[in-house]
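Just so it is clear, none of the values below were taken in a lab; they were calculated from the coordinates. Computed from a predicted model, the values in this text were never measured in an experiment. All Cβ positions, even for glycine, are placed from backbone atoms using ideal geometry, and neighbour counts span all protein chains on display.
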Amino acid sequence: MTLQFVFFDLDGTLIDTAGEITEATNRALAVDNISPLPRELVQNWIGKGTAWLFSQALESATGEGSQQGARFQRLYPEFLKQYEIVTGQLSEPFSDMEKVLALIKKEGVKLGVVTNKERSLTLQLLEHLNLTHYFDVVVAGGDAKRGKPYPDPLLLALEKAGVDRSEILFVGDSINDVEAARAAQISIWAFTHGYNHGLPISEANPDRVINGFNDLYEQLKTEFTFLPIH
């Protein structure tokens with residue numbers, strides 16, 4: 001098969017952002033003198049957008065997780081404020097990520113990001129880590145009518161890329177990514193190093209489970225034909 005485009009999820013796929021998301025969460029909780037939550041718990045809520053994540057944090061810490069509740073309405077803006085402050089500060093790319101992105105692009109394959117993270121935070125993170133230049137397409141939270149696990153973001157990315165779905169691959173780390181790809185009828189591979197709400201990614205049944213970026217590149221070379229660079 002010919003490969004023209006690889007789309008990646010962001011948090012837990014390209015970049016380990018759990019540390020800074022936990023920090024922003026706990027700074028917001030501290031406004032109400034709520035005890036901090038451990039990273040190991042917070043990272044299980046990554047992947048469905050910030051509002052859902054913070055509602056889960058409030059539910060765990062106080063039993064008041066409703067997004068319509070007074071506590072959420074008061075503290076969620078503080079969470080977003082703190083998240084903007086720390087974005088890019090406590091995150092780091094997963095091992096060999098940038099090296100493999102460069103290798104894939106060298107083969108003539110274009111790259112994109114499809115994430116539920118808000119666009120402003122997505123661009124801030126990519127810019128802070130000097131990764132923006134790798135990606136030809138970025139679809140972020142709010143760009144499509146519905147986020148993952150609905151197919152809308154991937155279908156929008158496909159439209160922006162201008163290629164056939166048979167010529168692209170989506171790489172993620174969670175069941176949200178798998179379900180979105182299935183609904184969009186796009187091939188989905190998934191990393192073992194991500195979050196996936198605390199469950200093994202194999203349970204989500206992606207088309208292929210991959211053990212890091214070097215494994216991704218080796219499997220891409222085995223599975224696909226790269227188009228020559230013009």
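Return yes when V138 is in contact with a strand residue (DSSP E or B) (Cβ under 8 Å, 6 or more places away or on another chain), in a strand (DSSP E or B) and over 17 Å from V100 (Cα atoms) and no when it is not. Against the criterion (in contact with a strand residue (DSSP E or B) (Cβ under 8 Å, 6 or more places away or on another chain), in a strand (DSSP E or B) and over 17 Å from V100 (Cα atoms)), V138 qualifies.
Return the residues of the range 97-121 that are of a type outside the set (S, T, Y), touching a helix residue (DSSP H, G or I) at 6+ places or on another chain (Cβ under 6 Å) and under 26 Å from A180 (Cα atoms); say none if nothing qualifies.
Residues satisfying the conditions are M97, V100, L101, L111, G112, V114.
Applying the criterion of at least 3 residues that are touching a Leu at 6+ places or on another chain (Cβ under 6 Å) to the helices (runs of 4 or more DSSP H) found wholly in the range 1-74 leaves 18-30.
Here V113 clears all of (1) under 21 Å from V138 (Cα atoms); (2) in a loop (DSSP other than H, G, I, E, B) except the condition numbered (2).
Within the option set L158, L154, being of a type outside the set (S, T, Y), assigned to a helix (DSSP H, G or I) and touching a Lys or Arg at 6+ places or on another chain (Cβ under 7 Å) holds for one residue only, L158. Looking only at residues in the range 15-52 that are acidic (D, E) and crowded, with 17+ Cβ neighbours inside 10 Å, the one that is nearest to V100 (Cα to Cα) is D16. Each residue in the range 155-172 was checked for being buried (at least 19 other Cβ atoms within 10 Å of the Cβ) and either touching a strand residue (DSSP E or B) at 6+ places or on another chain (Cβ under 6 Å) or of a type outside the set (A, V, I, L, M, F, W, C) (or both), and 7 of them qualify. Whether a residue is within 22 Å of the chain's Cα centre (by Cα), buried (at least 19 other Cβ atoms within 10 Å of the Cβ) and touching a residue at least 24 places away in the same chain (Cβ under 8 Å) was assessed, and Q89 does not pass this test.
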